[in-house]
Each structure stands twice: as structure tokens, then as C-alpha cells.
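> Below: one structure in C-alpha cells.
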Amino acid sequence: MSEKTATLDLGETKVEFPVHKGTIGPDVVDIRKLYGQSGRFTYDPGFTSTASCESKLTYIDGEEGILLHRGYSIEDLAEDSSFMEVAYLLLNGELPTPDDYDDFTRTITLHTMVHEQLRELYRGFRRDAHPMAIMCGVVGSMSAFYHDSTDIKDPEQRTIASHRLIAKMPTIAAMAFKYAVGQPTLYPDNSLSYTGNFLKMTFGVPAEPYEVNPVVERALDRIFILHADHEQNASTSTVRLAGSSGANPFACIAAGIACLWGPAHGGANEAALNMLKEIGHPSAIPGYIERAKDKNDPFRLMGFGHRVYKNHDPRATVMRKTVREVLGSLGVDDPVFDVALELEEMALNDDYFIEKKLFPNVDFYSGIILSAIGFPTSMFTALFALARTVGWVAQWNEMIEDPDQRIGRPRQLYTGPVQREYLPLEKR
Ligand code: CMC
């Protein structure tokens with residue numbers, strides 16, 4: 001894959017590196033031999049210029065606002081596909097035939113229930129536990145329940161673990177919700193779609209029939225599609241790093257969930273909606289915009305800006321349309337949505353945000369939709385985790401199958417004390 005070379009001139013030595021070409025996107029300088037040949041490391045905290053792996057799953061062009069899964073644009077997938085189809089595509093590399101699709105959805109359906117004993121785990125949590133705290137714990141515990149799919153060297157066990165994770169995540173997330181609100185948990189209903197079943201397990205109660213609203217089902221399925229994978233983001237890199245040591249898939253996905261929880265990553269939609277509630281009324285928006293621009297104020301407009309997208313977030317464009325569909329269909333009239341629409345307008349026309357290329361990201365809009373559907377803000381990141389499990393699992397499988405895979409072990413620029421003499425306590 002290497003055609004060109006790049007030379008690094010270090011004064012006393014020159015080191016030559018191969019340059020690899022991807023199918024699209026920037027070339028990469030392969031610096032694996034740098035330390036061996038020069039005794040130097042590279043320094044790239046935040047990994048802004050570092051490709052950590054080779055991947056065939058997802059491509060992002062942040063300048064152009066392009067997101068492709070296995071070559072298919074996110075706009076096409078969000079418009080015409082379904083979350084289950086996108087899951088198949090990410091895992092297998094190609095879109096399914098009708099028979100493949102039926103087989104895959106049936107297989108996932110057969111794994112929707114969780115081990116009955118696992119249900120007991122929930123009772124150990126406080127009722128006010130954050131759903132992400134429960135998700136980290138319960139998903140991590142799956143390695144104790146599903147021993148027969150933890151041998152990462154066995155391709156069949158890897159496949160079963162992948163299917164289990166994707167299938168059980170809605171059940172686990174819905175149970176976390178039910179536990180918090182004090183309602184009985186519902187068993188999965190395999191006559192429904194993946195997303196319809198999740199809605200029923202979340203909002204249904206045993207005493208009443210539950211009808212899935214098709215507009216809501218489609219909107220949520222679309223949110224799942226938009227969050228399914230996103231290249232080597234923080235949580236995916238966490239899953240890969242955890243997996244690089246040979247840890248089992250359930251432990252790796254639990255690590256991904258922990259990373260996703262942060263407000264700069266998956267926690268952003270929760271933080272964005274909390275911010276909109278705090279703003280409260282469109283008249284208060286200018287004050288918040290001023291705070292976001294003030295260098296001495298740590299406040300940031302949540303749901304704005306992105307590490308990679310510096311033009312627009314293509315997922316946000318799709319979500320923006322869906323917001324209007326869902327609000328219209330549900331007849332929701334909430335001042336938070338007025339604040340959101342006004343804030344979007346003001347920030348998009350503000351020089352600071354234009355200059356720094358800070359556009360609303362997917363989480364700005366997904367929070368509004370999820371809230372209109374009836375999810376409490378604390379569930380937002382859990383829904384992101386549910387959807388991203390597909391990407392995590394696909395990336396984890398790709399990593400395990402990569403013959404070049406080694407344990408991930410970054411180095412550092414050490415700026416601490418040099419070696420010094422230890423003085424016993426009584427002499428200090
Ligand atoms: N509000 C106000 N100013 C901002 C914001 C914001 N939301 N985001 C970035 N800036 C400013 C920042 O202060 C900096 O200014 P300066 O150059 O004067 O120091 C400049 O823009 C560049 O910011 P950065 O922190 O260097 O950019 P980054 O690429 O490291 O951070 C980010 C990206 C997403 C963490 C950041 O934009 C942010 O904190 N946004 C709010 C949180 C959020 O919505 N996160 C969801 C991301 S999308 C979901 C996902 O993919 O996980």
C-alpha cells in the first residue's frame with residue numbers, strides 16, 4: 001500500500017518513512033520505525049494528527065461534512081435504510097440481500113432476552129442511579145453470564161458475542177429506565193422491530209396494551225442510524241485499546257460506555273438539553289452566547305462544535321429535518337424547543353461561531369427529539385450507547401481480525417523530576 005516516502009531531518013540523522021495511501025482521505029506517514037531508528041517519539045496529545053489503525057468501516061471528511069459507512073452516505077442510509085440494515089452493513093461490509101436481512105434480524109431477535117439472574121443485578125443499584133452507571137456495570141457483568149462467547153480467538157464466539165451485545169442493549173437500557181421510574185420491567189416482544197420493541201420495553205406497562213407510533217419509531221431508528229458508528233472517536237478508540245490487550249468483548253464495550261458518558265462526547269445531548277432548560281426563555285439567549293464567547297468563562301454552548309466536522313455535521317442536517325417531523329406529529333408545545341430553534345438561529349449568525357466554524361452537532365437536535373418522545377435527559381447517553389454498540393462491535397471485530405494488531409501502548413513526553421535520592425521519613 002506504500003508508494004511514496006517522507007523524510008524526517010533530525011540534524012544528525014535523517015529517517016525515511018513509507019507513506020500509505022487510503023482509498024480516500026489524507027495519506028498517512030508510517031512512523032512505526034521512528035523510535036527504533038532515531039530514539040525519538042512523536043508527540044500528539046488528543047491524537048489530532050494520528051491514525052491509530054487501518055479501517056474499512058467509516059470515512060469522515062470533516063471539511064466537506066461527509067460521513068460514509070462502507071462507502072454509503074449517512075444521508076442515504078438515514079433516509080432509506082433501517083438501523084438493523086446499517087448494523088448488518090457495518091458488521092459484514094455489504095448491504096444484506098432480502099434473505100440475509102431476514103436471517104440477521106431473526107438472529108438478533110433470538111438474543112433479545114437477558115439472563116434471568118442478570119435482572120437481579122439492577123436491584124443492587126440505587127433508584128436514582130444514572131442509567132449510564134447501570135449500563136457500565138450491567139454490560140461489564142455480561143462476561144460473567146455469557147462465558148460461552150468470551151473466547152476472542154474463536155470467530156464463532158466473536159459473532160455470537162457481537163449479536164448478543166447488539167440484541168440485548170435495548171433490553172438493558174429499557175430496564176435501567178424502568179428501574180429508575182419504579183415500574184415493572186417488560187420482557188422483549190419479538191413481534192416488533194428492533195426499535196419498536198425498545199419503545200415498548202421503555203414506555204409500555206404490563207397493565208395496558210402498547211401501540212408503537214410509527215413516526216416516533218422511524219425517528220428513533222434514524223437517531224440510532226446516525227449514532228451507529230463514527231470512525232476512531234474517543235469511545236471507539238477506548239474499545240479498541242481495551243480489546244488490544246485481549247480483553248473479552250463485554251468488558252471492552254463496558255469500557256466504551258464509560259468513555260462515551262463524558263459531556264464532551266456522548267453526554268453532550270444530555271448537557272445540551274439541560275443547557276436549553278437552564279436558558280429557559282429566548283430572551284436569555286444573548287447572555288449565554290456572550291458567556292460562550294468569553295475566554296475567562298469555561299461555559300461552552302453544548303451541542304455546538306465538533307473535533308472533526310469544521311463545516312457542518314451531516315448527521316445534524318438529517319436530524320434538523322426529523323425534529324420538525326416529530327414535533328409536528330406529536331403536537332409538542334414546549335418552551336425548550338423555542339429556545340433551541342432561536343439559539344440555533346442566533347449562533348449560526350454570530351461572527352464568533354462562524355469564524356471558529358462552530359455549527360450545531362447531531363447531539364443538539366437528537367436531545368430535542370428524544371425529549372419530545374418522552375425520554376428523560378438522563379437516558380440520552382444510554383440511547384447513544386445502544387446505537388454505538390453496533391460500531392464498537394464492528395470496530396472491535398475488525399481489530400481482532402487485523403494481522404498487524406498489537407497491544408496499544410502509547411509513549412509520553414516525560415517532564416517530571418529526574419532520578420533523585422529517597423530520604424527516609426524521619427530525615428525529611
Ligand atoms: N462553545 C463555545 N466555544 C467553543 C465551543 C462551544 N461549544 N466549542 C469550541 N469552542 C471554541 C473553543 O473555546 C476554542 O476557542 P479558541 O480557539 O479561542 O481557544 C475553539 O472553539 C476550538 O475549540 P477546541 O476545544 O480546540 O475544539 P475541539 O476540537 O478540541 O473540541 C468539542 C471539540 C466537541 C469537544 C467542542 O467543540 C465542545 O466542547 N463542544 C461542546 C460539547 C459537544 O457538543 N460535544 C458533542 C460532540 S458531537 C458528539 C460526538 O461525536 O461525540
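The values are calculated or read from the model by the stated rules, or taken from the named source; none is laboratory data. None of the values given here were measured: they were computed from a predicted structure. Ideal geometry is used to build each Cβ from the backbone, glycine not excepted, and the neighbour counts take in all protein chains shown. SASA here: full protein model, heavy atoms, side chains in, ligands and nucleic acids out. Shrake-Rupley method; radii C 1.70, N 1.55, O 1.52, S 1.80 Å.
> Are there any pairs with C-beta distances below 9 angstrom linking a residue in segment 213-230 that is open to solvent by 10 Å² or more (accessible area, probe 1.4 Å) to a residue that is part of a helix (DSSP H, G or I) and basic (K, R), with the two at least 6 apart or on different chains, and if so which?
Listed by first residue and then by second, the contacts come to H230/R315; H230/R388.
> Of the residues in segment 100-120, how many are surrounded by fewer than 18 Cβ atoms within 10 Å (Cβ to Cβ) and under 18 Å from G182 (Cα atoms)?
Residues in segment 100-120 being surrounded by fewer than 18 Cβ atoms within 10 Å (Cβ to Cβ) and under 18 Å from G182 (Cα atoms): 2 in total.
> Quick one: how many residues across segment 299-340 are among the β-branched types (V, I, T) and open to solvent by 30 Å² or more (accessible area, probe 1.4 Å)?
Of the residues in segment 299-340, 3 are among the β-branched types (V, I, T) and open to solvent by 30 Å² or more (accessible area, probe 1.4 Å).
> Checking M135 against (1) in contact with a Ser or Thr (Cβ under 6 Å, 6 or more places away or on another chain); (2) open to solvent by less than 20 Å² (accessible area, probe 1.4 Å); (3) closer than 19 Å to G243 by Cα; (4) not β-branched (V, I, T), which test does it fail?
(1)
> Also, quick follow-up: Kindly provide the set of residues from segment 50-72 that are among the hydroxyl-bearing types (S, T, Y), surrounded by fewer than 20 Cβ atoms within 10 Å (Cβ to Cβ) and touching a residue at least 24 places away in the same chain (Cβ under 8 Å), ordered by number. Give the derivation first.
Looking only at segment 50-72, we keep the residues that are among the hydroxyl-bearing types (S, T, Y), and these are 50, 52, 55, 58-59, 72.
Imposing the further condition that a residue be surrounded by fewer than 20 Cβ atoms within 10 Å (Cβ to Cβ) reduces the set to 50, 52, 55, 59, 72.
S52, S55, Y59, listed by residue number.
> From the list R300, R315, R307, R324, pick out the single residue that is more than 9 Å from the ligand (Cβ to nearest atom) and at pLDDT below 95.
On the way: R300 fails: more than 9 Å from the ligand (Cβ to nearest atom); R315 fails: more than 9 Å from the ligand (Cβ to nearest atom); R307 fails: more than 9 Å from the ligand (Cβ to nearest atom).
Step by step, each of R300, R315, R307, R324 is checked, and only R324 is more than 9 Å from the ligand (Cβ to nearest atom) and at pLDDT below 95.
> Quick check on this structure: which one of R428, R420, R388, R411 is open to solvent by 20 Å² or more (accessible area, probe 1.4 Å), of a type in the set (D, E, K, R) and under 30 Å from I152 (Cα atoms)?
None of the others qualify; the one that does is R411.
> For T236, indicate whether it is open to solvent by less than 50 Å² (accessible area, probe 1.4 Å), out of contact with any Ser or Thr (no Cβ under 6 Å at 6 or more places or on another chain), assigned to a helix (DSSP H, G or I) and within 16 Å of the ligand (Cβ to nearest atom). I'd like the intermediate steps shown before the answer.
On the way: open to solvent by less than 50 Å² (accessible area, probe 1.4 Å): yes; out of contact with any Ser or Thr (no Cβ under 6 Å at 6 or more places or on another chain): yes; assigned to a helix (DSSP H, G or I): yes; within 16 Å of the ligand (Cβ to nearest atom): yes.
Spelling it out, T236 is indeed open to solvent by less than 50 Å² (accessible area, probe 1.4 Å), out of contact with any Ser or Thr (no Cβ under 6 Å at 6 or more places or on another chain), assigned to a helix (DSSP H, G or I) and within 16 Å of the ligand (Cβ to nearest atom).
> Additional query: Going residue by residue through segment 144-152, is there one that turns out to be open to solvent by 60 Å² or more (accessible area, probe 1.4 Å) and part of a loop (DSSP other than H, G, I, E, B)?
Just the residues of segment 144-152 that are open to solvent by 60 Å² or more (accessible area, probe 1.4 Å), to begin with: 144, 147-148, 151.
Going one step further and asking which of them are part of a loop (DSSP other than H, G, I, E, B), we end up with 151.
Yes, that holds for at least one residue.
> Among the listed residues I172, I166, identify the single one that is aliphatic (A, V, I, L, M), closer than 21 Å to P206 by Cα and open to solvent by less than 30 Å² (accessible area, probe 1.4 Å).
Exactly one residue qualifies, and that residue is I172.
> OK, next. Looking at G267, G204, which one is under 30 Å from G328 (Cβ atoms), small (G, A, S) and under 12 Å from the mean Cα position of the chain (by Cα)? Spell out the reasoning first.
Details: G204 fails: under 12 Å from the mean Cα position of the chain (by Cα).
That would be G267, the only listed residue that is under 30 Å from G328 (Cβ atoms), small (G, A, S) and under 12 Å from the mean Cα position of the chain (by Cα).
> Which of (1) closer than 23 Å to M201 by Cα; (2) in contact with a Lys or Arg (Cβ under 7 Å, 6 or more places away or on another chain) does S235 not meet, given it meets every other one?
Only one criterion in (1) closer than 23 Å to M201 by Cα; (2) in contact with a Lys or Arg (Cβ under 7 Å, 6 or more places away or on another chain) is unmet by S235, namely (1).
> Within segment 349-379, restricting attention to residues that are surrounded by 15 or more Cβ atoms within 10 Å (Cβ to Cβ) and charged (D, E, K, R), which residue is nearest to the ligand (Cβ to nearest atom)?
If we take residues in segment 349-379 being surrounded by 15 or more Cβ atoms within 10 Å (Cβ to Cβ) and charged (D, E, K, R), then D363 is nearest to the ligand (Cβ to nearest atom).
> Another question, then. What residue, of L260, L276, is buried (at least 21 other Cβ atoms within 10 Å of the Cβ), within 19 Å of F353 (Cβ to Cβ) and among the aliphatic types (A, V, I, L, M)?
L276
> OK, next. Being under 19 Å from the mean Cα position of the chain (by Cα) and farther than 20 Å from R307 by Cα is the requirement here; does R70 meet it?
Criteria met by R70.
> Those residues that are over 21 Å from A316 (Cβ atoms) and either free of Cβ contacts under 8 Å to residues at least 24 places away in the same chain or surrounded by fewer than 19 Cβ atoms within 10 Å (Cβ to Cβ) (or both), I need them from segment 73-89; list them, please.
Within segment 73-89, E85, Y88, L89 meet the criteria.
> Further, regarding this structure: In segment 1-49, how many are part of a loop (DSSP other than H, G, I, E, B), open to solvent by less than 70 Å² (accessible area, probe 1.4 Å) and not charged (D, E, K, R)?
Within segment 1-49, residues that are part of a loop (DSSP other than H, G, I, E, B), open to solvent by less than 70 Å² (accessible area, probe 1.4 Å) and not charged (D, E, K, R) number 8.
> Among the residues that make up segment 341-348, is at least one of them open to solvent by 60 Å² or more (accessible area, probe 1.4 Å) and touching a strand residue (DSSP E or B) at 6+ places or on another chain (Cβ under 8 Å)?
yes
> May I ask you to list pairs of residues, at least six apart or on different chains, whose Cβ atoms are under 9 Å apart, with the first in segment 403-428 being touching a residue at least 24 places away in the same chain (Cβ under 8 Å) and the second being assigned to a helix (DSSP H, G or I) and open to solvent by 100 Å² or more (accessible area, probe 1.4 Å)?
These pairs meet every condition: R411/Y35.
> Oh, and also: From the list L118, L67, L90, pick out the single residue that is assigned to a helix (DSSP H, G or I) and touching a strand residue (DSSP E or B) at 6+ places or on another chain (Cβ under 9 Å).
Details: L118 fails: touching a strand residue (DSSP E or B) at 6+ places or on another chain (Cβ under 9 Å); L67 fails: assigned to a helix (DSSP H, G or I).
Sole residue among the options that is assigned to a helix (DSSP H, G or I) and touching a strand residue (DSSP E or B) at 6+ places or on another chain (Cβ under 9 Å): L90.
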